[in-house]
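J.: First the structure, which I've put down as structure tokens, then a few questions once you've had a look.
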Amino acid sequence: DTACKNRPLDLVFIIDSSRSVRPEEFEKVKIFLSKMIDTLDVGERTTRVAVMNYASTVKVEFPLRTYFDKASMKEAVSHIGPLSTGTMTGLAIQTAMDEVFTEEMGTRPATFNIPKVVIVVTDGRPQDQVQDVAASARTAGIEIYAVGVDRADMQSLRIMASEPLDEHVFYVETYGVIEKLTAKFRETFCAANVCALGTHDCEQVCVSNGGSYLCDCHEGYTLNPDKRTCSAVDTCAPGRHECDQICVSNNGSYVCECYEGYTLNPDKKTCSVMDMCAPGRHDCAQVCLSNDASYSCDCYEGYTLNPDKKTCSAVDMCAPGRHDCEQVCVRDDLFYTCDCYQGYTLNPDKKTCSRAITSSLVTTEESCKCEAIAALQDSVTSRLEALSTK
């Protein structure tokens, strides 16, 4: 069933229940009807079904507007009883035109272009003039299939049926094998889905097209000139993707990525600058400095960046040019303090120095020693001058 879906129809079964049809044979006809209903795509907007029963009189068992589901139809069919006398086939076809193929009884308007179809099942010869009635029905756009069983008159079947006759006239030897026509009608009424049947040669995708098919390809592939096989396309070619920054082909499809320093947004297409100095994103030993979508490393005061541009080493704060002490720089861990030479004192600015002012108390004894030393120096000087004169 998955391989076939019949086109929408307004379908009327006209079944012969004259005296020549034995009760057990009539039951076979009803089984045939039920199996036919099973093969159809039944519904208000798809195929509508009506059943008519005839002998010397005609009875509309149910019109096209009554049932739109298979279960209800089959239940109604199971309750149909034979009428027993006569074979007024012409009258049955005329009744179908007058009472069943009307919009009031469920036939869809001509503008819908829904085919009107009749299937007549009979085992005898019509007892009325069927030729003219059948011709009128065909002229009115009704397609007639004639099914003959056992003693059915083949000439009468051919008079009733639509052209081409070899597609509209069927015959079975007994009612016991009428069910085998189910498959034939199923094939006739169905638009065969070649794709489901598996008889196509499409490499990837088969698309049903009426009774034929076309080949197509999965997303990311293009149909080759042979119209059957497919080749992968560059899904990252300009205009084929929606990536904000980087497109990466991925087995006929693609994924988006971002440049270094950017992160992919939840839409999986656009990118946003990320904080490169967030914990765990950089390898700086001390200080990380964001730089657009990248970063650079720096060091705390008193340290200098090593050649690897990541780690830091302590610097000599008292090296020339690194401090502002006037006289003496004293290193203190990562900092320094200033001091002065002997005889100088540090000014309040803690950087410059001034000469120190000293005073002392001289004792009498020390004063006498000084005077004696001075007198000795004067005496020596005088003697040296005298010797120099001589």
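J.: How many residues does region 324-335 contain that are modelled with pLDDT under 85 and either surrounded by 13 or more Cβ atoms within 10 Å (Cβ to Cβ) or not in a strand (DSSP E or B) (or both)?
T.: Of the residues in region 324-335, 3 are modelled with pLDDT under 85 and either surrounded by 13 or more Cβ atoms within 10 Å (Cβ to Cβ) or not in a strand (DSSP E or B) (or both).
J.: From 106, 81, 90, grab the single residue that is more than 21 Å from residue 36 (Cβ to Cβ) and of a type in the set (Gly, Ala, Ser).
T.: Selected residue: 90, the only one of 106, 81, 90 that is more than 21 Å from residue 36 (Cβ to Cβ) and of a type in the set (Gly, Ala, Ser).
J.: Closer than 30 Å to residue 43 by Cβ, open to solvent by less than 20 Å² (accessible area, probe 1.4 Å) and over 45 Å from the mean Cα position of the chain (by Cα): which single residue out of 130, 118 fits that description?
T.: Exactly one of 130, 118 is closer than 30 Å to residue 43 by Cβ, open to solvent by less than 20 Å² (accessible area, probe 1.4 Å) and over 45 Å from the mean Cα position of the chain (by Cα), namely 118.
J.: Which condition does residue 101 not pass, out of (1) touching a Pro at 6+ places or on another chain (Cβ under 7 Å); (2) closer than 13 Å to residue 12 by Cα, if it passes all the others?
T.: Answer for residue 101: the failing condition is (1).
J.: Out of 138, 48, 65, report the one residue that is outside any helix (DSSP H, G or I), in contact with an Asp or Glu (Cβ under 9 Å, 6 or more places away or on another chain) and surrounded by fewer than 18 Cβ atoms within 10 Å (Cβ to Cβ).
T.: Values: 138 fails: outside any helix (DSSP H, G or I); 48 fails: surrounded by fewer than 18 Cβ atoms within 10 Å (Cβ to Cβ).
Within the list 138, 48, 65, the selection yields 65.
J.: What are the residues in region 199-250 that are touching a residue at least 24 places away in the same chain (Cβ under 8 Å) and among the polar types (S, T, N, Q), if any?
T.: Passing the criteria: 204, 229, 245.
J.: Find all pairs meeting these conditions: Cβ atoms under 7 angstrom apart; at least six residues apart or on different chains; first residue within region 336-359 and more than 21 Å from residue 317 (Cα to Cα); second residue open to solvent by less than 60 Å² (accessible area, probe 1.4 Å) and of a type in the set (Asp, Glu).
T.: If the second residue must be open to solvent by less than 60 Å² (accessible area, probe 1.4 Å) and of a type in the set (Asp, Glu), no pairs are left.
J.: Suppose the filter is open to solvent by 10 Å² or more (accessible area, probe 1.4 Å), at pLDDT below 90 and either in a loop (DSSP other than H, G, I, E, B) or out of contact with any helix residue (DSSP H, G or I) (no Cβ under 9 Å at 6 or more places or on another chain) (or both); does residue 124 pass it?
T.: Considered against the rule, which asks whether it is open to solvent by 10 Å² or more (accessible area, probe 1.4 Å), at pLDDT below 90 and either in a loop (DSSP other than H, G, I, E, B) or out of contact with any helix residue (DSSP H, G or I) (no Cβ under 9 Å at 6 or more places or on another chain) (or both), residue 124 comes out as yes.
J.: Of the residues 96, 135, which is at pLDDT 95 or above and either in contact with a helix residue (DSSP H, G or I) (Cβ under 6 Å, 6 or more places away or on another chain) or under 22 Å from residue 66 (Cβ atoms) (or both)?
T.: 96
J.: Show the residue pairs that are 6+ apart or on different chains and have beta-carbon atoms under 6 Å apart, the first residue being within region 26-43 and in the same structural domain as residue 73 (by the TED database), the second being surrounded by fewer than 21 Cβ atoms within 10 Å (Cβ to Cβ) and not in a helix (DSSP H, G or I).
T.: 26/82; 40/6; 41/5; 41/6; 43/68
J.: I'd like the residue in region 336-345 that is in a loop (DSSP other than H, G, I, E, B) and not hydroxyl-bearing (Ser, Thr, Tyr) and, out of all such residues, is farthest from residue 301 (Cα to Cα).
T.: 343
J.: Another question, then. Is at least one residue of region 168-176 hydroxyl-bearing (Ser, Thr, Tyr) and crowded, with 19+ Cβ neighbours inside 10 Å?
T.: The answer is yes, given that some residue of region 168-176 is hydroxyl-bearing (Ser, Thr, Tyr) and crowded, with 19+ Cβ neighbours inside 10 Å.
J.: Under 6 Å between Cβ atoms, which residue pairs at least 6 apart in sequence (or on different chains) link something in region 156-185 that is in a loop (DSSP other than H, G, I, E, B) and modelled with pLDDT of 90 or more with a partner that is open to solvent by 10 Å² or more (accessible area, probe 1.4 Å) and not β-branched (Val, Ile, Thr)?
T.: Correct list of pairs: 162/138; 162/143.
J.: Let me confirm something: among 256, 247, 206, 243, which residue is at pLDDT 90 or above and in contact with a His (Cβ under 6 Å, 6 or more places away or on another chain)? Give the derivation first.
T.: Details: 256 fails: in contact with a His (Cβ under 6 Å, 6 or more places away or on another chain); 206 fails: at pLDDT 90 or above; 243 fails: in contact with a His (Cβ under 6 Å, 6 or more places away or on another chain).
Of 256, 247, 206, 243, the one residue that is at pLDDT 90 or above and in contact with a His (Cβ under 6 Å, 6 or more places away or on another chain) is 247.
J.: Quick check on my filter: what residues within region 68-83 are assigned to a loop (DSSP other than H, G, I, E, B) and open to solvent by less than 20 Å² (accessible area, probe 1.4 Å)?
T.: 80 - this is the single residue of region 68-83 that is assigned to a loop (DSSP other than H, G, I, E, B) and open to solvent by less than 20 Å² (accessible area, probe 1.4 Å).
J.: More than 30 Å from residue 27 (Cβ to Cβ), assigned to a loop (DSSP other than H, G, I, E, B) and open to solvent by less than 50 Å² (accessible area, probe 1.4 Å): which single residue out of 202, 195 fits that description?
T.: 202
J.: May I ask you to list the residues in region 346-369 that are assigned to a loop (DSSP other than H, G, I, E, B) and either modelled with pLDDT of 90 or more or in contact with an Asp or Glu (Cβ under 6 Å, 6 or more places away or on another chain) (or both)?
T.: Once the filter is applied, which keeps residues that are assigned to a loop (DSSP other than H, G, I, E, B) and either modelled with pLDDT of 90 or more or in contact with an Asp or Glu (Cβ under 6 Å, 6 or more places away or on another chain) (or both), region 346-369 yields 347, 348, 349, 350, 351, 352.
J.: Among (1) assigned to a loop (DSSP other than H, G, I, E, B); (2) loosely packed, with under 14 Cβ neighbours inside 10 Å; (3) at pLDDT below 90; (4) not acidic (Asp, Glu), there is one condition residue 318 misses while meeting the rest; what is its number?
T.: The failed condition is (2).
J.: Given the options 37, 15, name the one that is assigned to a strand (DSSP E or B) and surrounded by 17 or more Cβ atoms within 10 Å (Cβ to Cβ). Before you say what the answer is, go through the steps one by one.
T.: Details: 37 fails: assigned to a strand (DSSP E or B).
None of the others qualify; the one that does is 15.
J.: Collect the residues in region 84-107 that are in a loop (DSSP other than H, G, I, E, B), open to solvent by 20 Å² or more (accessible area, probe 1.4 Å) and of a type outside the set (S, T, N, Q), keeping them in residue-number order. Talk me through it step by step, then tell me what you get.
T.: To start, the set of residues in region 84-107 that are in a loop (DSSP other than H, G, I, E, B) comprises 85-88, 101-102, 106-107.
Now restrict to residues that are open to solvent by 20 Å² or more (accessible area, probe 1.4 Å): 85, 88, 101-102.
If the condition is that a residue be in a loop (DSSP other than H, G, I, E, B), open to solvent by 20 Å² or more (accessible area, probe 1.4 Å) and of a type outside the set (S, T, N, Q), then 88, 101 are the ones that fit.
The values are calculated or read from the model by the stated rules, or taken from the named source; none is laboratory data. Since we're looking at a predicted model, the values are computed, not measured. Heads up, the Cβs are rebuilt from the backbone with ideal geometry, glycines too, and the neighbour counts pull from every protein chain shown. Surface accessibility is based on the protein's heavy atoms, side chains included, excluding ligands, DNA and RNA. Shrake-Rupley method; radii C 1.70, N 1.55, O 1.52, S 1.80 Å.
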